[in-house]
Structures are given as structure tokens and as C-alpha cells.
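Just below is one structure, and these are the notes that go with it.
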Amino acid sequence: MSIIIKNLNKIYPNGNHALKDVNLEIPAGMFGLLGPNGAGKSTTIKSIVGILSSHNGEIYIDGKTLWEAKKECQKKMAYIPDNPDLYEYMTGISYINFIADIYEVPTDVRTERIEKIADAFEIKEALGDLISSYSHGMKQKVALISAFVHQPRLLVLDEPFVGLDPKASAVLKQEMRALCAQGSAIFFSTHVLEVAEKLCDKVAMIDHGHIVVSGSVEELTREASLEEVFLEQLELAKAQVESHA
């Protein structure tokens, strides 16, 4: 699995240039997108999964152009936003099965996967309850189970660790590593630089819609921590913006 983004731009109706010539290559493994609030992280993610269309540029998923083969590309994906919007009139298990039906996961396969992950997340006993009765963290766990149940080739997550307790975060990291071991790609945004440094193979930093630096974690942290690199790049980006003002 690989994703290639070429010269991606996005301009909102208010004239805000949210993305400016974004270029990224996302191979199999874990890729973290870092940046301050409003930098363009969520816009990049929504473009990759096909929610937002770009004004120009291309997104290739396993060699297929997203705009020309959208359904084929989306069959390989799972996407979880920072605030999952689930069908609250359904029970947790009925929602997960609904997603599994869409991706045509065989009954015996899904049952084993659901039990395993639900047990790990300690939510198995509550899956028969209505989603409307769940806390934010429980909803997030159901969304994650529904994503992992069909073992996507591309998993896209927007701030996946927000709202999860420490044990659930550890389970999520374990499931992410297992998915990558099967050759999948995981692309996620995070504000937690320590998580990105320990978990990711590659990262990119975005600010004001520009990718300011991109590379392997090993290369970027050779002489400094990821936090130090991040802060340094933000200062350089700020100086460039001020020089062109």
C-alpha cells in the first residue's frame, strides 16, 4: 500500500488557502502528520479520504487516482475523524456489524476480530447498549473496532489518542502496529510529539498549509528530539511568512 500526494491545493470559499502545493509519499507503515491548530492537518486528511475535493493536484492510492477511482480507493480505507459521528439509535455491536457488512467481512472472521479487540478495549459487555448511552471514549472505541474489523489497507485517523484512557491508547498502538505488519499504511495526525516519535516510521510537519519538513523519524531525530525539530521548523516557517508580509 502506498499513497502519493502531488501538488495538492485547497482554497475555501472565504479565500483561505488551506493547502498550498502539498507533496507527500506515504508508504506502508505509520506516517504522522504534525502541526499547530489550523495548520491544514484535518484538511489534508479529509482530502485523502475523498470528503473534500481539491482545486488542483492529485492523490494516488495504490496507483489509482482518487478522483477517478473514488469508490475503488475508498474500499481500501477506514477513516476516523477526531470526533466520530456514529448512529446513536444503534447498539455498538449493530453499528460494527453494519460497517462489516459494507466491507463484506465474513461472519466468522468478524466475530473473532470483534471479540478480540472489544476485549482488549474492555467494552465487550457494553456493545449491546445504545450508542447514545456511551461516553465520548466509548464511542471512539466502537469507531476504532469498526475500522479494524475489515483490516483496511489504508487507515486514516485524525487525533486518534484524544479522549482515550492510557490503557485504551496502548491497545490502539498495538492494533496499529499489527495492521502495519500486514503491509497496511496508517496516516494520522497528532499533537502528541512523543507518540509520533515512538510510533511513526515517517512524519511530516505542516504549517499555514505548507509541508515544512518531511522524512523518517530516524533521520529527523538524529541530532535533536522531534519536539525540538518541530519548534525549530515552526520558527523558520514563521520567519518566512513575516518576510513575505
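The values are calculated or read from the model by the stated rules, or taken from the named source; none is laboratory data. None of the values given here were measured: they were computed from a predicted structure. Virtual Cβ from ideal backbone geometry, glycine too; neighbours counted across all protein chains shown. Quick note on the areas: whole protein, heavy atoms, side chains included, nothing else; ligands and nucleic acids left out. Shrake-Rupley method; radii C 1.70, N 1.55, O 1.52, S 1.80 Å.
Worth pointing out:
- Count of residues meeting criterion [at pLDDT 90 or above and exposed (fewer than 13 other Cβ atoms within 10 Å of the Cβ)] in the range 33-44: 0
- When the criteria are applied in full, Asp108 meets the requirement of being modelled with pLDDT under 95 and part of a helix (DSSP H, G or I).
- Residue in the range 184-207 that is of a type outside the set (Val, Ile, Thr) and on the phi > 0 side of the Ramachandran plot present: no
- For the range 52-65, filtered to residues that are of a type in the set (A, V, I, L, M, F, W, C) and modelled with pLDDT of 90 or more, the residue that is farthest from Gln151 (Cα to Cα) is Ile59.
- Among (1) open to solvent by 70 Å² or more (accessible area, probe 1.4 Å); (2) within 19 Å of the chain's Cα centre (by Cα); (3) over 15 Å from Ser146 (Cβ atoms); (4) charged (D, E, K, R), the one test that Asp108 misses: (2)
- Candidates are the residues of the range 17-32 that are of a type in the set (A, V, I, L, M) and closer than 22 Å to Gly63 by Cβ; the one that is most open to solvent (accessible area, probe 1.4 Å) is Ala28.
- Of the residues Leu127, Leu172, the single one that is within 23 Å of Ala28 (Cβ to Cβ) and at pLDDT 95 or above is Leu172.
- The range 192-233: number of residues that are over 21 Å from Asn7 (Cβ atoms) and open to solvent by 80 Å² or more (accessible area, probe 1.4 Å): 11
- Considering the range 45-100, and only residues there that are assigned to a helix (DSSP H, G or I) and of a type in the set (Phe, Trp, Tyr), the residue that is most open to solvent (accessible area, probe 1.4 Å) turns out to be Phe98.
- Filter result for Val142 (touching a helix residue (DSSP H, G or I) at 6+ places or on another chain (Cβ under 6 Å), open to solvent by 10 Å² or more (accessible area, probe 1.4 Å), within 22 Å of Arg110 (Cα to Cα) and assigned to a helix (DSSP H, G or I)): no
- Criterion: assigned to a helix (DSSP H, G or I), without any contact (Cβ under 8 Å) to a residue 12 or more places away in the chain and open to solvent by 10 Å² or more (accessible area, probe 1.4 Å) - qualifying residue of Ala120, Ala170: Ala170
- For Ala185: the one exception among (1) open to solvent by less than 70 Å² (accessible area, probe 1.4 Å); (2) out of contact with any Gly (no Cβ under 7 Å at 6 or more places or on another chain); (3) of a type in the set (Gly, Ala, Ser): (2)
- Residue match in the range 174-181 (condition: crowded, with 18+ Cβ neighbours inside 10 Å and assigned to a loop (DSSP other than H, G, I, E, B)): no
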